[in-house]
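Report on one structure; see the data block that follows.
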Amino acid sequence: MMKKNLIWVGLLVFTFFIAATASAQAVRGVTDTEILIGQWGPQTGPAAPWGAVARGTDLLVKMINDQGGIHGRKFKYFLRDDSYMPAKTKAIAKEFVEQIGVFAVVGGVGVATGMTARDYLMENKVPWGGPVTGVYEWIHPIQKYLFAVYPLYDDEAFNMTGYLHEKLGFKKIAMFYQNDDYGKQGVMGVERYLLKHKIKLVEKVSAEVTDRDLSTHALKLKNSGAEAVIMWTNPTGAALILGESAKIGFKPQWATSSTLSDSALMMQITRGLWGGMITSFFGELPDSNHPLMVKYREAHKKFAPQERWGVFYYAGIIFAEPFFEGVRRAGRNLTTESWVKAMETIKDFQGIGPPITYAGIKDRQGGKHVFYGKVRPDGSIERITDWIRITK
Amino acid sequence: MDIKRNYYEDIELFKSNTILVWSILFLIFLAILPWFIMKYHLLGLSIYIVNLIAVHAIVAIGLNILVGFTGQISMGHAGFFALGAFTAVILVLRWSFPLWIALPVAGFVSSAFGFILGLPALRLKGPYLAIATLGFGMTITTIIKRMEFFGGRMGLQAPKLELFGTPMKDIHYYYVIMVIAVLMTIGAVKLIKTRVGRAFIAIRDSDIAAEAMGVNLTYYKTLAFAVSAFYAGVAGGLYAFILGFINPESFHLIMSITFLAMVVVGGLGSVMGPICGATLMTYLDIKLQAIQDISLIGPALVTLSQKYMSIAGISNIAVIVYGLIMILIVLFEPLGIFGFWIRTKRYWKTWPF
């Protein structure tokens, strides 16, 4: 009797063991034929224009699937609208992991939104490639499964000041920024450069995101006698300050960050005042002849003709490219660990964004380059530099 | 039956054994709910969503004390919610307070501000009060944004809490939040039935008559604001910890309006109503998007939306359905979801008549 019971117990333990090892071997979101990935992005609400990023990634997924996928596996892409509300973003992250069971998260617009999900994703060892903001939060402290792509705003501002000062010879530089974390990272970079070279910032003017009357701001900038003004603001702020400056006849050399690099859109909302602007870019220009860009534009016509071919849209491709490169390098035996190892071999990989390197570096900041362009009066862009390394 | 013979019978929590039994069954249901969710993903729920629902329910119950019972209005409850969230996080983060002290403190900080906001409410009514409270909500978040102490515009990361040495997960928060939610619900039911609640209702029905009967308007109006803000503050503290990261931008006007909508859709002037409202609206807000995963219907709706509305796809449909449900409820059932419940109950009680 005793022996019989023992056999049963033994069998039970054995099946548990088998079941445990079986489930431990299976990789979440990866089957023989499919890999599940997800992204959140605001499709509604005030930040909706940025939602194009998440739909751009969809285009890349469709393209890759059309070519037969990677190592025999096609991708299933889940796009969720978080309306830029952190509480929703976290719910989406949980849905991705606990219910859909995705292999990885790709992209994701917003700092506050992404920050509610970051620790949760990392604790559950979910790979996350290319959050769509250039802030330190993604790389400090280093997260094993998080690979950042977007060049850091702080370094971008530092380098842009250098470009204006050294290459273009501007002596009197002023700064206009929006009073938030994004704007402050811009100020930080500009001041860091000027302090290093012992130059005085002639004026520093900030505006609230909700401010609608920027006439005194423009007057302050004019009175400072600045030859060049760097602005770190959202599209509305940029349009308002340009409008007010034009009204009082203040025409310095303006320069701004890559977040305002959609010059077709900016030309429209500034009613033509955007011409002459110097902008940094984290990706090829919309009409670039880069072979990949030609390919992507064709795919755009084929799979998503209803979308506007703008910077936000194909940024969704830029931020996802390194993730797919990692999947390619990981080979048929795709696991979270093999993907991380594969990502760590990436060196000078370049799609249509900046050259990406994760190999041999201490942090997880892949993108460290931008290039500069000047907006022509018709809204098209003249590329004035090659890729420049901004993060040392 | 429903005849009350004395005051104490009226303020009893459980009016009959039936209610007592159902309440106990409901508590048991709450206790085992996580197991069902984890095992079967009931209705696509996750424990996090249930936690969020419960937090919203606490705010809605508090707001209903103000709106449904006292007849005042607040469009600034996101401000109290934010105050609670930031107070709780700062207490735990900077001065290592335990959560069970930080939460009530957060509640009292909010209620202090609620008291202050209650003062102008003595002179303002209707739309004027709405504007004043709206201004309050926006001011609070702007002040928080401007002060580095509160983490500035960037916000704060809530510290990871531990329970007997293991980091707290959603399931642990679930029981913490549920205990608090149940206690606060009972608190609201009791409050409404006692002297204070009756004074609130008298003010709602006619503040001049109430004053003539000896209800101190200054005291009770500010008290209503303070109590309501206390609920929002405690809920805000919980919200910060289940989210893990808070930033002032997320406590915006839309959030205040959503809270108000939860109360109206759920049913003004009842305690169960706001709970129903919070449940329905939070759930729909998060889960309506899942329509796109239903085979055939999903892709068809996405195409429809992209063709005739905007490129955003399923979100258009989700927003329309969300709005439509709200309109229909308010239009056909002015008492909200709770009204449905009352009618259904009456129908069964009087059946077959």
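The values are calculated or read from the model by the stated rules, or taken from the named source; none is laboratory data. This structure is a prediction, so every number in the text was calculated from the model and none was measured. Virtual Cβ from ideal backbone geometry, glycine too; neighbours counted across all protein chains shown.
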**Study point:** Residues within the stretch A:82-104 that are in contact with a Lys or Arg (Cβ under 6 Å, 6 or more places away or on another chain) and facing chain B (nearest Cβ under 9 Å), tallied
**Key:** 1
Exercise for review: Could you figure out which of (1) at pLDDT below 90; (2) closer than 29 Å to A:Y193 by Cβ isn't true of A:T161?
Suggested key: (1)
Review point. Is the stretch B:95-111 home to any residue that is under 19 Å from the mean Cα position of the chain (by Cα) and over 20 Å from B:V176 (Cβ atoms)?
Key: yes
Exercise for review: Starting from residues that are in contact (Cβ under 8 Å) with a residue 40 or more places away in the chain and not in a helix (DSSP H, G or I), keep the ones in the stretch B:270-329 and report whichever is farthest from the other protein chains (Cβ to nearest Cβ).
Suggested key: B:S270
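For every residue, the table says whether it meets (1) within 14 Å of chain B (Cβ to nearest Cβ); (2) surrounded by 14 or more Cβ atoms within 10 Å (Cβ to Cβ).
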{"position": "A:K295", "(1), (2)": "no, no"}
{"position": "A:K302", "(1), (2)": "no, no"}
{"position": "A:F312", "(1), (2)": "yes, yes"}
{"position": "A:I317", "(1), (2)": "no, yes"}
{"position": "A:V327", "(1), (2)": "no, yes"}
{"position": "A:K341", "(1), (2)": "no, no"}
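Quick grid of which residues meet (1) within 26 Å of A:L152 (Cα to Cα); (2) of a type in the set (D, E):
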{"position": "A:E191", "(1), (2)": "yes, yes"}
{"position": "A:K200", "(1), (2)": "yes, no"}
{"position": "A:V205", "(1), (2)": "yes, no"}
{"position": "A:V209", "(1), (2)": "yes, no"}
{"position": "A:R212", "(1), (2)": "no, no"}
{"position": "A:S224", "(1), (2)": "no, no"}
{"position": "A:E227", "(1), (2)": "yes, yes"}
{"position": "A:I230", "(1), (2)": "yes, no"}
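Looking only at the stretch B:235-252, filter to residues that are small (G, A, S) and part of a helix (DSSP H, G or I); which one of those is surrounded by the most Cβ atoms within 10 Å (Cβ to Cβ)?
Here the residue is B:A235.
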Review point. From the set of residues in the stretch B:140-172 that are of a type in the set (V, I, T) and within 13 Å of chain A (Cβ to nearest Cβ), which is farthest from the chain's Cα centre (by Cα)?
Key: B:T166
Check your understanding: Of everything in the stretch B:237-254 that's more than 8 Å from chain A (Cβ to nearest Cβ) and of a type outside the set (A, V, I, L, M, F, W, C), which residue is nearest to B:I177 (Cα to Cα)?
Key -> B:G237
Exercise for review: Looking only at the stretch A:345-374, count how many residues are surrounded by fewer than 19 Cβ atoms within 10 Å (Cβ to Cβ), more than 16 Å from the chain's Cα centre (by Cα) and within 22 Å of A:L292 (Cβ to Cβ).
Suggested key: 5
Review point. What number goes with the only condition from (1) within 14 Å of chain B (Cβ to nearest Cβ); (2) part of a helix (DSSP H, G or I); (3) not aliphatic (A, V, I, L, M) that A:P131 does not pass?
Key: (2)
Exercise for review: Output the residues belonging to the stretch B:148-182 that are among the aromatic types (F, W, Y) and under 22 Å from B:M38 (Cα atoms).
Suggested key: B:Y173, B:Y174, B:Y175
Check your understanding: Do you know which residues across the stretch A:172-196 are modelled with pLDDT under 90 and either among the polar types (S, T, N, Q) or out of contact with any Phe, Trp or Tyr (no Cβ under 8 Å at 6 or more places or on another chain) (or both)?
Key -> A:Q178, A:N179, A:D180, A:D181, A:Q185
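Quick check on the stretch B:22-40. Is at least one of its residues among the polar types (S, T, N, Q) and not in a helix (DSSP H, G or I)? If you could, list the steps in order and put the result at the bottom.
Going residue by residue through the stretch B:22-40, those that are among the polar types (S, T, N, Q) are B:23.
Checking the rest, the ones that are also not in a helix (DSSP H, G or I) come to none.
So far as the stretch B:22-40 goes, no, none of its residues is among the polar types (S, T, N, Q) and not in a helix (DSSP H, G or I).
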Check your understanding: Which of the residues that make up the stretch A:293-316 are within 30 Å of A:L164 (Cβ to Cβ) and aliphatic (A, V, I, L, M)?
Key -> A:M293, A:V311, A:A315
Exercise for review: Just need a number here: residues in the stretch B:330-353 that are part of a loop (DSSP other than H, G, I, E, B) and under 21 Å from B:F69 (Cβ atoms).
Suggested key: 4
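What residue, among those in the stretch A:375-392 that are part of a strand (DSSP E or B) and of a type in the set (A, V, I, L, M), is nearest to the chain's Cα centre (by Cα)? Before you say what the answer is, go through the steps one by one.
Filtering the stretch A:375-392 down to residues part of a strand (DSSP E or B) leaves A:375, A:381-383, A:388-389.
Applying the additional criterion that residues be of a type in the set (A, V, I, L, M) yields A:375, A:381, A:388.
Working: A:V375: 22, A:I381: 21, A:I388: 18 Å.
Checking each candidate, the answer is A:I388.
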Practice item. Please go through the stretch B:253-266 and pick out each residue that is closer than 18 Å to B:A54 by Cβ and crowded, with 24+ Cβ neighbours inside 10 Å. Key: B:F259, B:M262, B:V263, B:V265, B:G266
Check your understanding: Could we say that B:H41 is touching an Asp or Glu at 6+ places or on another chain (Cβ under 8 Å) and under 25 Å from A:A93 (Cα atoms) here?
Key -> yes
Study note, to complete from the structure: Per the filter on the stretch A:375-390, residues surrounded by 19 or more Cβ atoms within 10 Å (Cβ to Cβ) and of a type outside the set (A, V, I, L, M) are none
Point to revise | Test: B:G71 is in a helix (DSSP H, G or I), crowded, with 20+ Cβ neighbours inside 10 Å and not hydrophobic (A, V, I, L, M, F, W, C) | key: no
**Study point:** Some residue of the stretch B:242-260 being over 12 Å from the mean Cα position of the chain (by Cα) and under 19 Å from B:I186 (Cβ atoms)
**Key:** no
Check your understanding: Does any residue of the stretch B:66-79 turn out to be free of Cβ contacts under 8 Å to residues at least 24 places away in the same chain and over 24 Å from B:M178 (Cβ atoms)?
Key -> no
Practice item. Check A:G108, A:G114 and return the single one that is assigned to a loop (DSSP other than H, G, I, E, B), surrounded by 22 or more Cβ atoms within 10 Å (Cβ to Cβ) and either within 13 Å of chain B (Cβ to nearest Cβ) or on the phi > 0 side of the Ramachandran plot (or both). Key: A:G108
